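Chemist: Okay, here's the structure, questions in a sec.
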Amino acid sequence: MALAHNLGFPRIGRDRELKKAVEAYWKGELDETGLRAVGRELRAAHWQLQKDAGIELLPVGDFAWYDQVLSHSLMFGVIPERFHQHGGKPSLDTLFGMARGVSKNTCCGGAHAQPLLAQELTKWFDTNYHYLVPEFTADQQFALSWEQLFEEVEEGKALGHALKPVLIGPLTYLWLGKCKGREFDKLDLLERLLPVYGEILQRLAAQGIEWVQIDEPILALDLPQDWKNAFERAYNLLQKEPGRKLIATYFAGLEDNLGLAAGLPVDGLHIDLVRAPEQFPAILDRLPAYKVLSLGVVNGRNVWRTDLEKALDLLQQAHERLGSRLWVAPSCSLLHSPVDLAREDKLDAELKSWLAFAVQKCREVAVLAQALREPQAAEVQAALAESRQVQASRAQSPRIHKPAVQARLAAITAADSQRQSPFAERIAKQRALLNLPPFPTTTIGSFPQTSAIRLARQSFKAGKLTAAEYTEAMHAEIRHAVTVQEQLGLDVLVHGEAERNDMVEYFAEQLDGYAFTRFGWVQSYGSRCVKPAVIYGDLSRPQAMTVAWIEYAQRCTDKLMKGMLTGPVTMLMWSFPRDDISREQQARQLALAIRDEVVDLEAAGIRIIQIDEAAFREGLPLRKAQWQGYLDWATEAFRLCASGVRDETQIHTHMCYSEFNDVIESIAAMDADVITIETSRSDMELLDAFERFDYPNEIGPGVYDIHSPRVPDSSEMVRLLKKAAQRVPAERLWVNPDCGLKTRGWAETEAALVNMVAAARQLRAELA
Ligand code: GLN
Ligand code: ZN
């Protein structure tokens with residue numbers, strides 16, 4: 001009998017209860033007993049929701065106070081020395097200390113002379129979830145040091161649940177960590193780590209656990225040969241430990257690792273058929289006859305209802321071969337889905353009928369499993385009929401399919417994503433017109449978002465400020481930002497983005513084809529959640545989105561005012577996309593909508609327009625073989641949105657990360673006249689890419705790190721700029737911070753920009 005199981009449930013709670021409790025604990029408003037009670041209630045509620053939905057084997061260990069990778073570091077005793085408690089066991093404060101750092105005035109373990117640096121945070125595969133990077137030393141020891149998993153198993157058992165503990169596998173755990181101190185091969189740690197897994201498996205077996213899920217998502221990556229070999233070694237050893245083991249893979253296809261994964265000496269394998277449907281039916285031929293196959297057919301990464309008939313068709317084929325060895329699951333942990341659609345009381349009924357959040361996805365999994373056992377059951381028939389109706393309504397709905405958008409898309413020609421002239425000609429015209437000094441200075445867009453600004457936005461949304469009052473409040477912010485910039489002597493000014501809550505949501509709210517949820521929160525890191533907008537239909541721009549603000553700002557000054565937009569790829573990456581057309585097509589629709597805004601800004605007299613592509617690199621597929629396909633359409637989308645203007649109009653773009661050595665050709669192919677990027681934290685090392693590749697256009701390598709309140713002096717920035725000038729001809733260099741300044745205060749912002757302008761002036765004097 002096919003079994004319905006789940007790989008993981010969102011831990012934050014449908015009202016973000018975990019966020020609220022954890023933050024209250026940090027502030028000292030909730031004690032540890034209170035916090036633990038909230039955790040217990042959430043786990044109990046989530047198990048019950050899954051069980052009620054029909055999930056037969058419930059995940060345990062998917063709950064985490066901050067991050068599941070961090071929980072594993074504590075469990076394995078991978079606690080950097082700076083967080084060792086004097087003689088004591090790690091505590092909840094050790095955990096939060098590792099996550100957030102410890103400064104003198106936080107509560108963890110008394111007064112420290114030196115603040116303790118938090119562990120590094122980085123993206124979990126290609127999701128927007130961030131995990132805490134384990135820190136390994138060459139002499140790393142591992143020891144079972146954290147009881148949370150076993151306690152939660154007891155808790156679930158007491159509630160009468162059938163449980164399946166979820167562990168991050170040893171290879172994936174090592175892969176995700178980084179070496180501290182002298183370099184060494186992380187694989188050298190494997191032999192030392194495995195006994196801890198053995199101990200955990202024995203403890204779980206003693207608790208009466210039958211199945212354990214071991215997540216090894218790196219099996220869906222391009223793995224070096226020694227890592228592939230290590231998989232066999234590791235699981236040959238773990239084979240001897242008690243308990244039945246299901247290896248879970250997700251986010252991409254197994255491809256060249258399919259044989260390896262299928263052959264590991266464990267009892268089951270989970271694969272993601274949403275991301276990589278082509279793995280089916282090949283997997284059926286490679287799977288040993290004793291093994292369970294879990295098929296992830298319900299998308300754990302998006303908000304759309306599953307086409308149950310399509311999924312069932314595939315499951316039936318597998319069922320014929322596997323019978324009760326077939327399990328049904330979401331594609332990956334539901335950590336990446338919002339919690340419960342039932343909370344959405346403001347979505348209209350039709351749109352709501354197209355969606356499924358974690359609770360609803362569990363129901364879909366259960367119905368599919370039931371459909372294999374009892375195809376004629378009334379509930380099954382009703383669910384299939386409803387699914388059919390949803391698919392039909394989405395396929396035909398005039399809210400989704402807009403002939404005008406499609407006609408425009410169909411009429412795109414190659415010339416549309418081509419500026420009128422090559423860069424060399426454009427830049428000559430732009431220089432003549434803009435008349436900027438060498439090493440022109442600018443900022444990335446936003447200025448400090450003060451509490452007054454946030455209050456004004458909220459009051460306006462709540463109807464407490466009239467449109468006129470709100471406009472005047474924002475105009476006052478713009479005037480202030482302009483005055484400060486003029487006094488600082490910056491060359492290219494910005495309006496400061498006071499009217500924007502978020503660089504994607506601000507535009508999404510003004511586009512047709514986007515919907516917004518009230519409670520569709522997804523954990524990003526720790527207590528931080530994001531609520532991505534949902535692209536549900538063909539996208540278009542009913543009217544100008546930024547022109548009035550930028551025009552007003554330009555009227556406030558004789559200097560050049562830069563228009564500020566978010567690019568199509570970033571809009572797409574930070575939204576829930578449609579699943580009925582490709583990401584590429586959605587990026588094109590977004591590009592056309594933004595292109596209209598670019599053209600309108602130009603018509604309003606704006607001569608410099610920046611199109612931010614903060615998430616450009618994030619979109620890279622996990623497998624290298626798929627990179628070029630992505631880069632081609634992403635680059636094309638950017639060019640499509642940037643190419644509607646005359647040669648004289650200068651297009652800037654901004655990307656806030658430094659690793660782009662491996663994609664520099666595509667960044668050049670975007671053909672922005674100027675790109676501003678993060679480089680200060682890497683001490684301009686990123687510009688080493690320019691040794692290998694001659695980046696042709698202008699570039700503003702960030703000269704100071706806006707992520708820190710520290711105000712660098714101008715000699716530091718001069719040094720960085722001189723370093724940059726060794727790689728990039730001086731006449732192509734701009735001077736700017738690393739990123740937008742919205743998280744900083746005005747005092748430090750002004751102090752840093754005074755120094756930045758001084759640095760630019762010094763360079764002009766020395767190198768002119
Ligand atoms: N223009 C945006 C800002 O300054 C860019 C933000 C970003 O790159 N993340 O805030
Ligand atoms: Zn940035």
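The values are calculated or read from the model by the stated rules, or taken from the named source; none is laboratory data. Remember, it's a predicted structure, so these values are computed and weren't measured experimentally. When we count neighbours, we look across all protein chains shown, and the Cβ atoms used for this are built from the backbone with ideal geometry, even at glycine. Remember, those area values only see protein heavy atoms, side chains included, never the ligands or the DNA or RNA. Shrake-Rupley method; radii C 1.70, N 1.55, O 1.52, S 1.80 Å.
Chemist: Which value, in Å to one decimal place, does the Kirkwood hydrodynamic radius take for the stretch 663-768 when every pair of different Cα atoms is included?
Modeler: For the stretch 663-768, inverting the mean 1/r across all distinct Cα pairs yields 14.1 Å.
Chemist: Per residue and in cubic angstrom, what volume does the convex hull of the Cα atoms of the stretch 243-296 have?
Modeler: Convex hull volume per residue, Cα atoms: 65 Å³.
Chemist: Using Cα atoms only, what is the angle between the long axis of helix 627-642 and the major principal axis of the chain, expressed in degrees (0 to 90) to the nearest 10?
Modeler: It is inclined by approximately 40 degrees.
Chemist: Mean 1/r over all different Cα pairs, inverted: what Kirkwood radius does the stretch 499-627 give, in Å?
Modeler: Hydrodynamic radius (Kirkwood, Cα pairs) of the stretch 499-627 is 15.9 Å.
Chemist: Students sometimes get this wrong: rank ARG233, ARG623, ARG457 by accessible area, probe 1.4 Å, all chains present, largest first.
Modeler: Descending order: ARG233, ARG457, ARG623.
Chemist: Which lysines have a Cα lying under 26 Å from the Cα of LYS178, excluding residues fewer than 8 positions away in the same chain?
Modeler: Those lysines meeting the cut-off are LYS89, LYS123, LYS186, LYS228, LYS624.
Chemist: I'd like the orientation of helix 467-488 relative to the chain: the angle between its Cα long axis and the longest Cα principal axis, in ° from 0 to 90, rounded to 10.
Modeler: Once rounded, one gets 70 degrees.
Chemist: Okay, next question. If r is the Cβ-Cβ distance from GLU748 to GLU509 and R0 is 25 Å, what FRET efficiency results, to the nearest 0.05?
Modeler: For GLU748 and GLU509, the calculated efficiency is 0.25.
Chemist: Taking the full set of protein chains and a 1.4 angstrom probe, give the accessible area of MET717 in square angstrom, rounded to the nearest 10.
Modeler: 0
Chemist: Also, quick follow-up: Among ILE478, VAL569, SER524, which residue has its Cα furthest toward the positive end of the charge dipole of the stretch 466-577, with +1 on Lys/Arg Cβ and -1 on Asp/Glu Cβ?
Modeler: Comparing the listed Cα positions along the dipole, SER524 ranks first.
Chemist: Oh, and also: Just going by the charge dipole of the chain, with Lys and Arg at +1 and Asp and Glu at -1 on Cβ, which of HIS652, VAL703, ASN501 is farthest out on the positive end?
Modeler: ASN501
Chemist: Any idea what the dipole of the chain comes to, in debye rounded to 20, about its Cα centre with Lys/Arg Cβ at +1 and Asp/Glu Cβ at -1?
Modeler: Charge dipole of the chain: 700 debye, to the nearest 20.
Chemist: Sticking with this one: Could you give the angle, 0 to 90 degrees to the nearest 10, between helix 308-322's Cα long axis and the longest principal axis of the Cα atoms of the chain?
Modeler: 40
Chemist: Then there is this: With the radius of gyration and the Kirkwood radius both derived from the Cα set of the chain, what is their ratio Rg to Rh?
Modeler: 0.97
Chemist: What value in Å³ per residue do you get for the convex hull of the alpha-carbon atoms in the stretch 295-451?
Modeler: Convex hull volume per residue, Cα atoms: 263 Å³.
Chemist: Next question, about the same structure. Can you give me the % of accessible surface on the chain that is carbon or sulfur? Probe 1.4 Å, all protein chains present, nothing else counted.
Modeler: That fraction is 51 percent.
Chemist: Excluding same-chain residues fewer than 8 positions from LYS310, which lysines have a Cα within less than 25 Å of its Cα?
Modeler: List returned: LYS51, LYS291, LYS352, LYS361.
Chemist: Let me ask something else. What accessible surface, in Å², does a 1.4 Å probe find on PHE516, ignoring ligands, DNA and RNA and rounding to the nearest 10?
Modeler: 70
Chemist: Give the long-range amide H neighbours of LYS164: residues separated by 5 or more places, or on another chain, with amide H under 5 Å away, using H modelled in the peptide plane at 1.01 Å from N.
Modeler: LEU58, VAL60
Chemist: Same structure, new question: Based on a Kirkwood Rh over C-alpha pairs, give the Stokes-Einstein translational diffusion coefficient of the stretch 49-200 at 25 °C and viscosity 0.890 mPa s in µm²/s.
Modeler: Rounded to a whole number, D works out at 146 µm²/s.
Chemist: Can you tell which of ALA382, LEU372, ALA392 lies farthest toward the positive end of the dipole of the stretch 338-395, using +1 and -1 charges on the Cβ of basic and acidic side chains (Lys, Arg; Asp, Glu)?
Modeler: Of ALA382, LEU372, ALA392, it is LEU372.
Chemist: Sketch the reach of a paramagnetic label on ARG454 as a point 7 Å from Cα along Cα-to-Cβ, and name the residues of the stretch 491-535 whose backbone nitrogen lies under 13 Å away.
Modeler: 501-502
Chemist: With a probe of 1.4 Å, find how much accessible area the stretch 444-584 has per residue, and write the answer as a whole number in Å².
Modeler: I get 38 Å² per residue for this part.
Chemist: Next question. Between the stretch 53-85 and the stretch 584-632, what is the separation of their alpha carbon centroids in Å?
Modeler: Taking the Cα centre of each part, the stretch 53-85 and the stretch 584-632 sit 38 Å apart.
Chemist: Here's another thing I want to ask about it. How high is the FRET efficiency between GLU648 and GLU469 when r is their beta carbon distance and R₀ equals 60 Å, given to the nearest 0.05?
Modeler: The pair GLU648/GLU469 has a calculated efficiency of 0.95.
Chemist: Please report how far the C-alpha centroid of the stretch 260-294 lies from that of the stretch 451-493, rounded to the nearest whole angstrom.
Modeler: Each part's Cα centre sits 56 Å from the other's.
Chemist: Could you state the number of Å between the C-alpha centres of the stretch 672-721 and the stretch 144-219?
Modeler: 41
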